[in-house]
Amino acid sequence: MRRFYHVYILVSESHPGKHYTGLTTNLGARLASHNSGQVPHTSNFRPWRIETAVAFHRRSKAVAFEKYLKSH
């Protein structure tokens, strides 16, 4: 089975105006790392929940989509 690359948007449950966009191949593990404080950029706004996740077969497409989302 092919690996999927997930572009995800998190929303902070403690600060609903805070969002974080990222890319991963293991969505559950990545959310757990955000919520355990292992990601310095998001540790002050825990806990997080997944608002949106989009799966891609090709990493290049996922990277381009993440870049687009972060370009505002």
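Quick notes on this one:
- Overall, the chain carries a charge dipole of about 340 debye about its Cα centre when +1 sits on the Cβ of Lys and Arg and -1 on the Cβ of Asp and Glu, all other atoms neutral.
- Residue among R58, R30, R49 with the largest mean-square fluctuation in a Gaussian network model of the chain, springs linking Cα atoms under 10 Å: R58
- Sorting H41, H57, H19, H34 by solvent-accessible area of protein heavy atoms yields H41, H19, H57, H34, largest first, with a 1.4 Å probe.
- Between 0 and 90 degrees, the angle of helix 59-70 with respect to the longest Cα principal axis of the chain falls at about 40 degrees.
- Calculated FRET efficiency for the pair H72/R46, C-beta based, R₀ 25 Å, to 0.05: 0.60
- Take every Cα pair under 8 Å whose residues are at least 6 apart in sequence, average their separation, divide by the length of the chain, and the relative contact order is 41 percent.
- Compared with the rule-of-thumb size 2.2 N^0.38 Å for a compact globular protein, the chain has a Cα radius of gyration ratio of 1.09.
- In range of the label at H57: residues from the stretch 3-45 whose backbone nitrogen is under 17 Å from the point 7 Å along Cα→Cβ: 3-7
- Nonpolar atom fraction for the chain, defined as the carbon and sulfur part of the 1.4 Å probe accessible area, stands at 52 percent.
- Selection from H15, T52, F4, by position along the positive dipole direction of the chain (Cβ): F4
The values are calculated or read from the model by the stated rules, or taken from the named source; none is laboratory data. From a predicted model like this one, the values you see are computed outputs, not experimental measurements. FYI the Cβ positions are ideal-geometry reconstructions off the backbone, even for glycines, and counts take in every protein chain you see. SASA here: full protein model, heavy atoms, side chains in, ligands and nucleic acids out. Shrake-Rupley method; radii C 1.70, N 1.55, O 1.52, S 1.80 Å.
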